[in-house]
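Enquirer: Here it is: the structure, laid out below.
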Amino acid sequence: MNESPAIAAVCIDQPLPQLDRLFDYLIPEDMAAQVKPGCRVRVRFGRRKVSGFVIAVKPSTDFTGKLLWISDLVSPEPVVTAEVAALARAVADRYAGTLTDVLRLAVPERRVRVEAENRSEPLPVAAPIDGDWKRYIAGEAFLRALRETKSPKAVWNALAGEDWPARLAEAAAATASAGRGAVLVVPDQADLDRLDAALEAILGPDRHVTLSAQLGPTKRYRSFLKAARGEVRIVAGTRAAAFAPVADLGLVAIWDDGDESHVDRHAPYPHAREVVLTRANLSGAACLVGGYGRTPQAQLLVETEWAVSMVASRDEIRSATPRIVPVGDESDLERDPSGGTARLPTVAWEAARAALAKHQPVLVQVPRRGYVPAVSCQRCRTRAACPNCSGPLRLLGARRAPVCGWCGVVAEDFRCAECGGTRVRAIVIGAERTAEELAQAFPDTQVVESTGVNRLDAAPQGAAVVVATPGVEPPAQGGYGAVLLLDTWALLTRAELTASEEALRRWMNAVALARHDGTAVVVADGGLAVVQALIRWDPAWFALQELEDRSELGFPPVMRFAALTGPNGEAEKLAADLPADLGAEAIGPIPVDEHTERLLLRVRRRDGAALASTLAKATAERAGSKAEPVRIQIDPREIA
DNA sequence: AGCACGCCGACT
DNA sequence: GTCGGCGTGCTC
């Protein structure tokens, strides 16, 4: 009895767009028992041997040529589940990228020894009490739905001071108690550490794993395999964890989807929020998009009734939110070039002093790290440039000569290129100088700094001042007595389309760390909508405004963009070949450098899929005919 | 990407 | 007559 061999459809580990399809191979008799969908194999491809993932096993092929045999079984471990394969394909399509590129993100590097480790049985997870979800309208109903294996979808705005890791852990526990799995995605390792602790506390030991690059390859693969083998049902991690191979998925959640860490840095640059939404759609899982703030993208989910808006009642918001006071920017750097305490308006000063008097820590958010990261000519205010390379000059300490931020040259004898002035004044004050000023203002108080390069995990206990840049504010035990948001103009005047939205997100993330009976002072015009949204703790209102503004202007997420970057003329050539019925509107091109330019394409949202697939096809054809490559980016960060 | 096949100029 | 240019085209 000579049964014909089964056929494996293999995704070849080659990133070329023209090879972005599956290739069929015969499965040798002696591998037949082990070659299963999701496992790694090596196959001959052209002249060379390459590795790949078996995406499907089937009895026959459509291929009319001569099939080759699989060369080797690398590992029988099924690391790409059918669900993840479909997800990766969808994400590749959405972003005009290749399956291989997305699988490289989804599946961590193999560690042979980890595969030999013992397996364990999944431990049961108890259904949680509703926790503090009852503070949100429909919060308890959401958790109940998870316990009943339904698939609710919500855009959740957390109250100030909310223990969001605990809430996410409760949602995961509710899902797992019903026998389904959960995937929780957070922006960075610090958030993941907090979520990890909350999961451990609420679920008990060994019910979950964390997944992030920071674990290192071995631990990462171990976590990944525990999920793939069904030893745990709950995975928490950073952006790549959105692809975690959790079986029988019941919930996908993402925290703080406005954080740009959620965007992968490798082609095709998928956003974890889009991965999570796609996954919920494909697998029928529940979905939770949570944060203190709200992105226009999340608001769109509410507007289209894909998700419900889950917020607390006004009463709950009032009692949870600290007093938030806007105060106009009184600081005048020119009037007081020595700095001193001129930057702290009286209200801010008093709020800080009151908190310290109660032995409560104070958080001061400043937009930039360093001492004085930007200076200008004292006389004519022209931005001070390096005499050597024209880079931006900055100050590294008190009474020290300006230093170039690019080439490091010390400008001992600064001379303004415009007016010949020899003195500089600060344009921006960094965290270091702010800490120095505050140490002078509060001589008996500990002043510490937390910045991207030197991050603090937790605020000191008791009376202390923490000066932090956005995104790295350490939580304080019991909350901060005061939160001061300084130099807000630097956030609000950024050129990006998302400047206001991003400012609100950063402010809310900082103010959320305050005690409910504390005070937050925002040094900004209280008449601005973005400041109003902060004071009222109403990011949904602001997100809706943003969404409407962007709709009028034809910006994302209502319109979908693609950025085409390539050698001069090539992007336009590619765009010219697009079918007219796509209705793609070209914007630009603008020069990137002497040889490169960048063209934006805009289509209606519902034509986004067609645009991506057309671009993918065009890219494949161009690569096939050895044309200069044009980089495609869907929803480029600077636009979206 | 590699590496084939494939049809036109100057060389043993 | 042959060696070799790199222009399309395929890789299960």
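Enquirer: So, A:ALA92, is that one more than 16 Å from DNA strand C (Cβ to nearest atom), surrounded by 15 or more Cβ atoms within 10 Å (Cβ to Cβ) and under 30 Å from A:ARG622 (Cα atoms) or not?
Expert: When the stated conditions are applied, A:ALA92 passes them.
Enquirer: Also, quick follow-up: Please go through region A:147-170 and pick out each residue that is in contact with a strand residue (DSSP E or B) (Cβ under 6 Å, 6 or more places away or on another chain) and part of a helix (DSSP H, G or I).
Expert: Correct list: A:LEU168 only.
Enquirer: Taking region A:530-577 as the region of interest, how many residues are touching a Ser or Thr at 6+ places or on another chain (Cβ under 6 Å), surrounded by 20 or more Cβ atoms within 10 Å (Cβ to Cβ) and not aromatic (Phe, Trp, Tyr)?
Expert: Number of matching residues: 1.
Enquirer: Read through the list (1) more than 22 Å from A:ARG515 (Cβ to Cβ); (2) crowded, with 22+ Cβ neighbours inside 10 Å; (3) without any contact (Cβ under 8 Å) to a residue 60 or more places away in the chain, then give the number of the only condition that A:VAL186 fails.
Expert: Just one mismatch for A:VAL186, condition (3).
Enquirer: For region A:1-116, give me every one of the strands (runs of 3 or more DSSP E) that falls completely inside it and has 2 or more residues that are within 16 Å of DNA strand B (Cβ to nearest atom) and under 30 Å from A:ARG560 (Cβ atoms).
Expert: A:7-12
Enquirer: For region A:608-624, which positions are among the aliphatic types (A, V, I, L, M) and within 11 Å of DNA strand B (Cβ to nearest atom)?
Expert: Hits for region A:608-624 are A:ALA620, A:ALA623.
Enquirer: Moving on to the next point. Condition test on A:ARG455, is it more than 23 Å from A:ALA514 (Cα to Cα) and not hydroxyl-bearing (Ser, Thr, Tyr)?
Expert: Against the criterion (more than 23 Å from A:ALA514 (Cα to Cα) and not hydroxyl-bearing (Ser, Thr, Tyr)), A:ARG455 does not qualify.
Enquirer: Residue check: is A:ARG144 assigned by TED's automatic domain parsing to the domain that holds A:LEU199, assigned to a helix (DSSP H, G or I), of a type in the set (Lys, Arg) and crowded, with 22+ Cβ neighbours inside 10 Å?
Expert: It is false that A:ARG144 is assigned by TED's automatic domain parsing to the domain that holds A:LEU199, assigned to a helix (DSSP H, G or I), of a type in the set (Lys, Arg) and crowded, with 22+ Cβ neighbours inside 10 Å.
Enquirer: Out of everything in region A:123-138 that is out of contact with any Lys or Arg (no Cβ under 6 Å at 6 or more places or on another chain) and assigned to a loop (DSSP other than H, G, I, E, B), what residue ends up being surrounded by the most Cβ atoms within 10 Å (Cβ to Cβ)?
Expert: My answer is A:PRO128.
Enquirer: Moving on. Looking at region A:33-70 only, could you name the residues that are closer than 23 Å to A:ARG110 by Cβ, at pLDDT 95 or above, more than 33 Å from the chain's Cα centre (by Cα) and more than 9 Å from DNA strand C (Cβ to nearest atom)?
Expert: A:ALA33, A:GLN34, A:VAL35, A:LYS36, A:ARG42, A:VAL57 - these are the residues of region A:33-70 that are closer than 23 Å to A:ARG110 by Cβ, at pLDDT 95 or above, more than 33 Å from the chain's Cα centre (by Cα) and more than 9 Å from DNA strand C (Cβ to nearest atom).
Enquirer: How many residues does region A:20-54 contain that are without any contact (Cβ under 8 Å) to a residue 12 or more places away in the chain and among the aliphatic types (A, V, I, L, M)?
Expert: 1
Enquirer: Going by the structure shown, is A:ALA242 in the same structural domain as A:ALA172 (by TED's automatic domain parsing), touching a Leu at 6+ places or on another chain (Cβ under 8 Å) and crowded, with 24+ Cβ neighbours inside 10 Å?
Expert: No.
Enquirer: Using the structure shown, decide if A:PHE23 is in contact with an Asp or Glu (Cβ under 9 Å, 6 or more places away or on another chain) and of a type in the set (Phe, Trp, Tyr).
Expert: No; evaluated as a whole, the condition is false for this residue.
Enquirer: Let me ask something additional. Are there any strands (runs of 3 or more DSSP E) wholly within region A:257-350 with 1 or more residues that are modelled with pLDDT of 95 or more and closer than 26 Å to A:LEU146 by Cα, and if so which?
Expert: Strands (runs of 3 or more DSSP E) meeting the threshold: A:286-291, A:308-310.
Enquirer: Still on this structure: Residue pairs, Cβ under 8 Å, 6 or more apart or interchain, first in region A:618-629 and over 13 Å from A:LYS573 (Cα atoms), second part of a loop (DSSP other than H, G, I, E, B) and more than 9 Å from DNA strand B (Cβ to nearest atom). List them.
Expert: Every condition considered, the pairs that remain are A:ALA620/A:ASP20.
Enquirer: Which condition does A:CYS419 not pass, out of (1) under 27 Å from A:ARG506 (Cα atoms); (2) surrounded by fewer than 20 Cβ atoms within 10 Å (Cβ to Cβ), if it passes all the others?
Expert: (1)
Enquirer: Counting only residues that are in contact with a Phe, Trp or Tyr (Cβ under 7 Å, 6 or more places away or on another chain), give me the strands (runs of 3 or more DSSP E) lying completely in region A:542-640 with at least 2 of them.
Expert: A:596-604, A:631-634
Enquirer: Filter region A:585-619 for residues that are surrounded by fewer than 18 Cβ atoms within 10 Å (Cβ to Cβ) and within 16 Å of DNA strand C (Cβ to nearest atom) and give the result.
Expert: A:LYS617
Here is a yes/no grid of residues against (1) without any contact (Cβ under 8 Å) to a residue 60 or more places away in the chain; (2) surrounded by 22 or more Cβ atoms within 10 Å (Cβ to Cβ); (3) within 20 Å of the chain's Cα centre (by Cα):
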{"site": "A:ALA213", "(1), (2), (3)": "yes, no, yes"}
{"site": "A:GLY230", "(1), (2), (3)": "no, no, no"}
{"site": "A:GLY237", "(1), (2), (3)": "yes, yes, yes"}
{"site": "A:TRP255", "(1), (2), (3)": "no, yes, yes"}
{"site": "A:GLY258", "(1), (2), (3)": "no, yes, yes"}
{"site": "A:LEU277", "(1), (2), (3)": "yes, yes, yes"}
{"site": "A:GLU303", "(1), (2), (3)": "no, no, no"}
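Enquirer: So how many residues does region A:6-19 have that are within 12 Å of DNA strand C (Cβ to nearest atom) and modelled with pLDDT under 95?
Expert: The qualifying residues number 5.
Enquirer: Being hydrophobic (A, V, I, L, M, F, W, C), modelled with pLDDT under 90 and within 16 Å of DNA strand B (Cβ to nearest atom) is true for just one of A:ALA576, A:ALA627. Which residue is that?
Expert: A:ALA627
Enquirer: Of everything in region A:494-528, what is closer than 11 Å to A:ARG323 by Cβ and either modelled with pLDDT under 95 or surrounded by fewer than 22 Cβ atoms within 10 Å (Cβ to Cβ) (or both)? Give them in sequence order.
Expert: Correct list: A:ARG515, A:HIS516, A:ASP517.
Enquirer: Report whether or not A:ARG369 is closer than 19 Å to A:VAL453 by Cβ, charged (D, E, K, R) and within 34 Å of the chain's Cα centre (by Cα).
Expert: Here the answer is yes, as A:ARG369 does meet what is asked.
The values are calculated or read from the model by the stated rules, or taken from the named source; none is laboratory data. Just so it is clear, the structure is predicted and the values come from calculations on it, not from any experiment. As a convention, Cβ positions derive from the backbone with ideal geometry for all residues, glycine included, and neighbour counts pool all protein chains shown.
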